[in-house]
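Could you have a look at this structure, given as structure tokens, before my questions?
The values are calculated or read from the model by the stated rules, or taken from the named source; none is laboratory data. Please read all numbers here as calculations on a predicted model, not as lab measurements. Neighbour counts are summed over all protein chains in view; Cβ atoms, including those assigned to glycine, are modelled from backbone coordinates with ideal geometry.
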Amino acid sequence: MKLADRAALHDNLAQLHAEIHRMGAGAADSLRMYVASIFLHSLEAVLDEGGSVPDLFPDPIAVYNSIQSRETASEALQALQALEQALGEVAAYLEAGRTGGQRHVVEKAKRYMRRNFGRSELSLSEVAEFVGMSASYLSSLFSEAEGRSFVDYLLELRMQRAFGGSR
């Protein structure tokens, strides 16, 4: 599975969902092992690209243990669904690292925002400090890369949460 190719990632996950439904409820062990394998592969891909695992998974051991603790096929499928968003972030992270440092910084800022947008005190200054640059420079990079401002993106995250959407 090529994690840096978002379209291929989406297709592979769709095929996996179809295979899971075909296998039925007795597939918990196989499914749990497969989900753990995908997770470990994503960590390896990040490291191979010179990336930082904590940027994506602050506690990768907890994620792995959570996957392994799933007892039924249904629970393992839930773990896969939770991992899908993270795999999308891994793909974006790897893609950003290949297309230049500035895009990488914006993707890192967006990940931080997605993890912390529920805190009312989240600010451009805080995110800029997290990515290691000035607030004004991050604001410029963000607007250029995303075609919208930092504030607009943050507002969109909060509105999606308020109206039941997910990102």
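Out of curiosity, is ALA62 assigned to a helix (DSSP H, G or I) and surrounded by 12 or more Cβ atoms within 10 Å (Cβ to Cβ)?
When the stated conditions are applied, ALA62 does not pass them.
Still on this structure, please answer the following. Say whether the condition of being of a type in the set (Ser, Thr, Tyr), under 22 Å from HIS41 (Cβ atoms) and in a helix (DSSP H, G or I) is met by at least one residue in region 149-158.
no
Which residue out of THR72, THR99 is more than 30 Å from ALA28 (Cα to Cα), modelled with pLDDT under 90 and of a type in the set (Ser, Thr, Tyr)?
THR99 is the lone residue from the list that is more than 30 Å from ALA28 (Cα to Cα), modelled with pLDDT under 90 and of a type in the set (Ser, Thr, Tyr).
Something else: Can you tell me how many residues in region 125-134 are under 15 Å from LYS108 (Cβ atoms) and assigned to a helix (DSSP H, G or I)?
6
Quick check on region 31-47: of everything there that is modelled with pLDDT of 80 or more and surrounded by fewer than 17 Cβ atoms within 10 Å (Cβ to Cβ), which residue is farthest from LEU16 (Cα to Cα)?
Applying the filter and picking the extreme gives GLU44.
Which residue is surrounded by the most Cβ atoms within 10 Å (Cβ to Cβ), if the candidates are limited to region 120-167 and must be among the small types (Gly, Ala, Ser) and within 14 Å of GLN102 (Cβ to Cβ)?
The residue in question is ALA128.
Would you call ALA92 in the same structural domain as VAL46 (by TED's automatic domain parsing), surrounded by fewer than 16 Cβ atoms within 10 Å (Cβ to Cβ) and within 15 Å of the chain's Cα centre (by Cα)?
no
For ALA128, are the conditions met, namely being at pLDDT 75 or above and within 17 Å of the chain's Cα centre (by Cα)?
So ALA128 does not fit the description; no.
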